[in-house]
Amino acid sequence: MRAMRGDTDEPERDDVPPGTDPNMLFYQNAIESRPDGAKVEAMHASWGLDYERLEMHHGYIQWIFPVFENAGMNWESSPLTKDGARTIRDDAQASERVLASYRMMLKFYGFVLADERTGAVQRDPVDACGARIGNLNASPHNFLRVSRILASLGELGFHRYKKPLLEALQREVEGGLLANARASFHDFWLPLSTEEDSARYAAKTKEVAADRAEGCLFAPGGRLAAAM
C-alpha cells in the first residue's frame, strides 16, 4: 500500500517537503523522477539518444512535461501546481532545462528546434529516411504524449512554441508519414492551440490566460529576448 502525503492522493517522498510541487524541484535538478528515473540534467545527458528507453519507459513524460490536468498514468508523479509552474517560468535555469527536454523529445520524434526565439520546428536532417517520424506514426501512445507536451509548453513559459510544433506535425500528417495521427491532430492537438479561449479548453486543462504567460527567457534581458 503506497504512502500518501496528507489528505491528497500524491505519494509521499522524503525528499519533497509537504506542500511543495515536486515538478518544480525536478526542474531545479533537486530530485529524481520516479519510477526508475533520474534528475533532469542526467536524463538529458544520457537518455536523449536512447530511443528504446524513451519509447518503452512510461514514467518520465509526466515529469519532463507536467500539466495542471493530471499526473497521467504514473502515480509517482504529481500534477503541476500553479505556483510550481510560475516558479519554473521565472527561473532561467529551470526554463533552460524545459527547453532541453523539448529538444530531446523533438529529436525522438524526428524533428529539431530550428529557432529558439520563434519555436520553428523542422525535420531532423539526421533522420532523412523518416524513421523517427515513422516510429511516432506506429506508436499511438506517443500521440497522448504529444498532447501533454503541447499543454505543458504553454504552462511552463513556452506558449509561443505550440503553434510551430503543430505546423510541423501537420506537414507530416498531410505528407503521409504521420497519417495515423490525423484524427489526433484534428481532435486533440489542434484544439490545444486554437481553442484556448473556450470553456471546453479551460475545463480540460485547468488553465486561465495568465497560466500561459511567457517565461523569463523571453522577457527583457532574457537569453531569448527579441533583439532591440
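Tabulated data for the structure shown
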| read-out | value |
| --- | --- |
| Unmet criterion (only one of (1) surrounded by fewer than 17 Cβ atoms within 10 Å (Cβ to Cβ); (2) at pLDDT below 95) for Arg171 | (2) |
| Hey, Ala202 open to solvent by 20 Å² or more (accessible area, probe 1.4 Å) and not hydroxyl-bearing (Ser, Thr, Tyr) or not | yes |
| Boolean, Arg145 is of a type in the set (D, E, K, R) and under 19 Å from Gly72 (Cβ atoms) | yes |
| Matching residues in the stretch 40-67 - criterion: being outside any helix (DSSP H, G or I) and surrounded by 19 or more Cβ atoms within 10 Å (Cβ to Cβ) | Tyr60, Phe65, Pro66, Val67 |
| Those helices (runs of 4 or more DSSP H) lying entirely in the stretch 113-228 with at least 3 residues within 17 Å of Tyr102 (Cα to Cα) and touching a residue at least 40 places away in the same chain (Cβ under 8 Å) | 131-138, 141-155, 162-175 |
| Options Thr87, Thr118, Thr81: the member that is under 20 Å from Glu167 (Cβ atoms) and open to solvent by 10 Å² or more (accessible area, probe 1.4 Å) | Thr118 |
| Filter pass, Ser152 being under 11 Å from the mean Cα position of the chain (by Cα) and closer than 14 Å to Leu190 by Cα | no |
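The values are calculated or read from the model by the stated rules, or taken from the named source; none is laboratory data. Since the model is a prediction, treat every value here as computed from it, not as a measurement. When we count neighbours, we look across all protein chains shown, and the Cβ atoms used for this are built from the backbone with ideal geometry, even at glycine. All accessible areas refer to the heavy atoms of the entire protein, side chains included, with ligands and DNA or RNA removed. Shrake-Rupley method; radii C 1.70, N 1.55, O 1.52, S 1.80 Å.
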